[in-house]
Structure formats: C-alpha cells, structure tokens
1. Hey, if you put +1 on the Cβ of every Lys and Arg and -1 on every Asp and Glu Cβ in the chain, which of Tyr72, Ala97, Leu194 ends up farthest toward the positive end of that dipole?
2. Quick check: pseudo-label points 7 Å beyond the Cα along Cα→Cβ at Ala126 and Ala95, how many nm apart are they?
3. Can you tell which of Ser390, Ser351, Ser59 shows the greatest fluctuation in a Gaussian network model of the chain with Cα springs below 10 Å?
4. Gaussian network model of the chain, Cα springs within a sub-10 Å range: biggest mean-square fluctuation belongs to which of Thr43, Thr121, Thr318?
5. Please give the contour-minus-distance gain from Lys272 to Thr43: 0.36 nm per residue of separation, less the Cα-Cα distance, rounded to one decimal in nm.
6. Could you tell me whether region 174-292 comes out rounded, prolate or oblate from its Cα gyration tensor? Rule is a ≥ b ≥ c as square roots of the eigenvalues, rounded for a/c under 1.5, then prolate if a/b exceeds b/c, otherwise oblate.
7. Counting only other residues whose beta carbon sits under 10 Å from that of Gly355, what net charge do I get with K and R as +1, D and E as -1?
8. As I understand it, the value is the acute angle between the Cα axis of helix 170-183 and the longest principal axis of the Cα atoms of the chain; what does it come to in degrees, rounded to 10?
Amino acid sequence: MALRTLESLGSLAGKPVVVRCDLNVPLKDGVITDDGRIRASLTTLHALLEQGARVTVISHLGRPDGKPEAKYSLRPVADRLGELLGRPVRFDGRAPADTSPELGEGEVLLLENLRFDPRETSKDAAQREEYARELARFGEAFVSDGFGVVHRKQASVYELANALPSAAGRLVAAELEVLDRLTENPEKPYAVVLGGSKVSDKLGVIDHLLPRVDSLLIGGGMLFTFLAAQGHPVGKSLLEQDQLDTVRGYLGRAEELGVQLVLPTDVVVAEKFAADAANEVAPVDGIESTRFGADGIGLDIGPDTAARFAEIVAGSRTVFWNGPMGVFEFPEFAAGTRAVADALTKVGGLSVVGGGDSAAAVRALGFSDDRFGHISTGGGASLEFLEGKSLPGLEVLGWQP
Ligand code: ADP
Ligand code: MG
C-alpha cells in the first residue's frame, strides 16, 4: 500500500509539525458527549511529543457555513485535549489564518475550527491551495491523522499534504491496515453483515465485497427491499421500490459466485414507528398477517434470524459489520443488533465495526470498544474504501489502491 508513515519524516525533534486530526466530537450545550475521537488522536500526538516535536493540531467541528459560529468552536475540545494529554493546550479562538504560530515550551497549539474559513471546503482548488499555504506556516512537516476526512478533497486534508513534507499518522495507518485486511486476502470464512436504513447507501459496498466474501447477511431496513424482491408483502416497512431490480441482480450474482446470501426468516413487526409500539414476531412471508395487517412495519430481525446470524458471525474468521439490524434506538427493537454485536465479540480472527450509527449502536448497547478487533473512526471514509473508491487524502500520502 506504500502509505508514508511517521518514520518517513525522519527526526522531528525540535521541529514544528502540523497534525490534522478529526476532533469532530458530538456536543450538547457546549459539553462533549463522547470524547472517543479525541482519545483516538492521542497515539499520534504522544508519538510526536515524545520525539520533541512542536505540535499544532488542526481540525474541523460540525458544518459551519464558512464563517465563525460560537456553537462550532473547538474551545471545549481544547480543554478536553489538554486534560487527556496532560499538558497545556493553547487556544486563542481566532481564525486559523490570524493565529500566530508561536508555541511555548511543552505547549500544544490547537487552531480554531478549520471550516470557519470557506476555503477549507471550497470547490475551487486555488482557494484551497491558498488556505493550505496559510496553514503550512505552522509547521515544517504535516501529519495527516483525521481518518474521518481522508475521503474528502479539502485544504487541510489534500492541499496541505502537498504543501509540506507529509505522512500518515498512526490512526490513519492503523485504520488502513485493518480495511486492507478486509479486501486483500481476508482470512476465510469471511462474513459481511449489512443493515442500516437504505440499500441505496450500501450498493457500492455490496458490489465490491460480494466477490470476496463467503456469506453476506442482510438485516436492517434494507432487508425489506430484499424480501419484496422475492415477492413477499412487507406492509409499511422501509421499501425502496426503485432498487428492486438491483437487489434481484444481487440475488442472482450471489448464486453465480457461490456466495451464501443470508436473508432473515423472521422479523419483528410493529404497529407503528415508535419506541412503545405494540409488536409481534412474524415469519417473513407473514408480515401482513399479524394483527396489524398491511399497516405492520418491520423494525428488527426476529429471534430465529438473530440466532442464525450470530452463529455464522461467531464461526467466521473475518467479519465486517455495517448498519444496525433494527431500530436499535428503541430498546424494544434492539435485540437483533445486540445479538450480532455479541457474536462479533466472539470472532476468532478479525472483527470490524464500520459506520457511524453502528459504532454508536455498539457503545449505546454497552459493549466496550476493546471487545472488537476494530471500530472504525470514520464511517464515510471506511465505506468508501470498501467500495474500492480512491480516497484523495490517502493517495496524497503515497497510498495506491
Ligand atoms: P451506519 O451509520 O452504521 O452506516 P446507517 O446510517 O445505514 O448505519 O443506518 C442506521 C439507521 O438504520 C439507524 O438509525 C436505525 O434506526 C435504522 N434502521 C435499522 N433497521 C431499520 C428498520 N427496520 N426500519 C427503519 N430503520 C431502520
Ligand atoms: Mg449512518
């Protein structure tokens, strides 16, 4: 893969280094509700600080409209980063372009939200290059460690990597190594479990991974489009009418490739889309035969299906899971997601959770991160990688698909 790693930058002792992190944490009323992304950035920052590098950290937060907005300030992140690093983090709250690159002994500098400047995400390459040159004032080398943004051609991800000697940080390198193991010679048996809301979000992943896997398990909202493609009535469940032909294509291709495409045999049918909705388990050909009739809506895989999925997952050597099996946000419909998460913790080889909601689901259900081989920090980036797409933020660091 030939990604340039930190070592390729040579000795960084005493040198100013700019590090792009993804510190885009969820905030509620100015308080960080999950500091996972800040923690994930520490390995690289420690490695640089131990070498004596003078570190300036840059990141975006949320989607401000190219101008300062108090609710998207990185100030709370600066405080938390300082606590976690155990050293002072300087933050002056001015636009990155107006901040002075001065750094006190032992200090780390965090610049304000990169997206307070419209050039960060500009479609105009010249604008992005100009912004990248301003950011390059903060270092003699650039470390790209925001895995959640490597699929974006943005100033602090792409142009900055060209403006300075650059390399991937530890987090990006680790993410890539794991994703690479899911596409190049994965250990067999290899199972991929897909759920979530829409088939249309996952077409690329199915296309790219179908020829590589032994089994593809389908749950979540997308399962109903598969059932409908087989002629089952699905009541008011999520259905993408315009994907029926595509899905029929997958059923045929799986058969040609000898891939086991595993669809649910039972589902949990609810009276309406609500946490407290009355519900019952039905076989997949009986979704409209419950007491809710044609109004029934499928909100989770059923217990037989969950048990079968768990058995296949736990018996595989490589498993990638993306997309909750049901509407896990409602505890009544979280059992399928919990069963699959639990089975993932029993995988003997490599188990990977990808996708923003899937990662949130395993944490919300009380599974600690270390029970999985890997939980990707970048939902969009990991899915695009698994679609076989070229990721600009990685290619600029020497990586080739
Ligand atoms: P990820 O972010 O992990 O890629 P998605 O964004 O594709 O996952 O999907 C997550 C959403 O899918 C969750 O909010 C969940 O409630 C929803 N979902 C799962 N099963 C169903 C279902 N049967 N009907 C409607 N929505 C569902
Ligand atoms: Mg999502």
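1. Ranked along the dipole, the leading option is Ala97.
2. 1.9 nm
3. Comparing Ser390, Ser351, Ser59 in the GNM, the peak value goes to Ser390.
4. Top of the fluctuation ranking is Thr43.
5. Stretched fully, the Lys272-Thr43 segment lengthens by 77.9 nm.
6. In terms of gyration-tensor shape, prolate.
7. -1
8. 30 degrees
Every number in this text was worked out from the coordinates using simple rules, so none of it is lab data. The structure presented is a predicted model; accordingly, all values stated were derived computationally and were not measured. Cβ coordinates were reconstructed from backbone atoms using ideal geometry, including for glycine residues, and neighbour counts include every protein chain displayed.
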